[in-house]
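Everything on this sheet refers to the single structure shown next.
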């Protein structure tokens, strides 16, 4: 395809005109490719996967993982879908969700500064704060959320 | 000839790929550079700024999206709070306000003297019936503009805020911070040498509140029921906990660029002799009793003026609760001192540290790792959790009016953040 485009450009009359067309074509192709890569990368980094099984069992939809606290902490946010199940999930401090890095051998378990015992309202977002154990999670990486026997893979880390 | 025919398209393809890769690398580099910690200043060699009064949306940690008005840098998009402007004392400042809002708006600069608007003294405006319409000359609705000029006053921190329909526009977000630095001493809070702080360890805490019902009414162009107005969200720099912990320019908070994490190391006479500075401003309607756990802070400036006597006596004071009144600013110095020098081997804590279960604040969360020694960690029971990966301390700092430390009533949230104190050697894992 590229060779065919070059062959068409050769038919453009005038040496300088051809050169200008070639340079313009190279620029357009390059910028388009770069733009596509940027768009693909950015959409890939912001789309958060969903798990129907987790939502059915725990009544929550995880929505964001972010490295905060100058790299020392991680926040995990979730939207409440089912208030009763979500309240049980949030109160079960002995079986917290675990965040595992997909890039390195490491992860972190739940720490929370959200008070347990809330009546969680459906549709609202709540959060958990984690220690970022050994810097396990980093910006732009992917993580797996393990909760009970279920998992949610390829969650982007902001 | 055949070789040339193949090589030229290949060369051109390579050039295109390089351009594309460069665009990608440039984009990623720009994104990574954007995130940071500490004070983000707008500066200009001529101290001339262009602000645009505009509308936009902010997000709260409970998933709400709230319609706001604010003053953004005209070269950027909407942001809350308004752009933090940093200027030098004694030099002229020019601020051009462009107004895209559907009603007139303005800026007042409490603490600045001889402010002019379009070259005339800035002064209250009245309608033909003698009713006050604005505290200063406004920019007309829908693309009006006005230029304010003044000479930057005493070094310190000041609010800039709307002077038009103040109750409503202040609630809608029309405020920002003005940092005036002493001439020739960018790392001092005021002209006193004892106000010096560590370069880069400078923080602004602009405190505010939101009643979402007011914002919804304004968005829908409906009347505001002020009698029923109740603030539900409380913010530091336009963010509520846990968003306060996120870095500046966190990509998931595109309209709320300023973080609120203090990150320091212990005082050390040789290696870390200077404190950090925190500049508190209250853009809300009630007192915010801001309480940093773990260490007092030294109040050295109030409303942009040093706390000193007529002969320059130091009148600063230590405070564990910073009562920041509406419209007020306080500049403080803070450090963390290992006063007792506890050491597990040479100077052990002479008492038994209470069981971790006695130290839990709420639920099972703790910022303690069963060791009272900075930089040391012990194991914690399996059913408990802790947050300090390398034995660093995280001191909670929050409004002690505890309804202000919630996100629409859900604790904890709101006007809360943490101060992070690393061991002297730092955190190797981060």
Practice item. Looking for whichever is crowded, with 24+ Cβ neighbours inside 10 Å and outside any loop (DSSP other than H, G, I, E, B) here; the options are B:205, B:258. Which one fits? Key: B:205
Practice item. Go through (1) at pLDDT below 95; (2) part of a helix (DSSP H, G or I); (3) crowded, with 20+ Cβ neighbours inside 10 Å and name the single condition residue A:54 misses. Key: (1)
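Scan segment B:133-161 for residues that are assigned to a strand (DSSP E or B) and farther than 20 Å from residue B:102 by Cβ and report the count.
Pass one, segment B:133-161, residues assigned to a strand (DSSP E or B): B:133-134, B:139, B:144-151, B:156-161.
Checking the rest, the ones that are also farther than 20 Å from residue B:102 by Cβ come to B:147-151, B:156-160.
Number satisfying all stated conditions: 10.
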Practice item. Of the numbered conditions (1) within 14 Å of another protein chain (Cβ to nearest Cβ); (2) more than 30 Å from residue B:77 (Cα to Cα), residue B:245 fails exactly one; give the number of that condition. Key: (2)
Exercise for review: For segment B:154-168, state whether one or more residues are in contact with a helix residue (DSSP H, G or I) (Cβ under 8 Å, 6 or more places away or on another chain), surrounded by fewer than 23 Cβ atoms within 10 Å (Cβ to Cβ) and modelled with pLDDT of 95 or more.
Suggested key: yes
Check your understanding: When segment A:91-137 is examined, which residues are found to be more than 8 Å from chain B (Cβ to nearest Cβ), loosely packed, with under 15 Cβ neighbours inside 10 Å and at pLDDT 90 or above?
Key -> A:102, A:122
Exercise for review: Identify all residues within segment B:229-245 that are under 11 Å from residue B:418 (Cα atoms) and either touching a helix residue (DSSP H, G or I) at 6+ places or on another chain (Cβ under 6 Å) or in a loop (DSSP other than H, G, I, E, B) (or both); write none if there are none.
Suggested key: B:242, B:245
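Within segment B:322-344, how many residues are assigned to a loop (DSSP other than H, G, I, E, B) and modelled with pLDDT of 90 or more?
Kept after step one, since they are assigned to a loop (DSSP other than H, G, I, E, B), are these residues of segment B:322-344: B:325-328, B:335-342, B:344.
When the remaining residues are screened for being modelled with pLDDT of 90 or more, the result is B:325-328, B:335-337.
Of the residues in segment B:322-344, 7 are assigned to a loop (DSSP other than H, G, I, E, B) and modelled with pLDDT of 90 or more.
Condition first: out of contact with any helix residue (DSSP H, G or I) (no Cβ under 9 Å at 6 or more places or on another chain), within 14 Å of chain A (Cβ to nearest Cβ) and assigned to a strand (DSSP E or B). Now tell me which residues in segment B:59-86 satisfy that. Break it down stepwise before answering.
So in segment B:59-86, the residues out of contact with any helix residue (DSSP H, G or I) (no Cβ under 9 Å at 6 or more places or on another chain) come out as B:62-63, B:65, B:71-86.
With within 14 Å of chain A (Cβ to nearest Cβ) added as a condition, the list becomes B:62-63, B:65.
Result: B:65, single match.
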Practice item. Go through segment B:96-132 and count every residue that is part of a strand (DSSP E or B), free of Cβ contacts under 8 Å to residues at least 60 places away in the same chain and surrounded by 14 or more Cβ atoms within 10 Å (Cβ to Cβ). Key: 8
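The values are calculated or read from the model by the stated rules, or taken from the named source; none is laboratory data. Quantities reported herein were computed from a predicted structural model and do not represent experimental measurements. Using ideal geometry, Cβ is built from the backbone for each residue, glycine included, and neighbour counts are taken over all protein chains shown.
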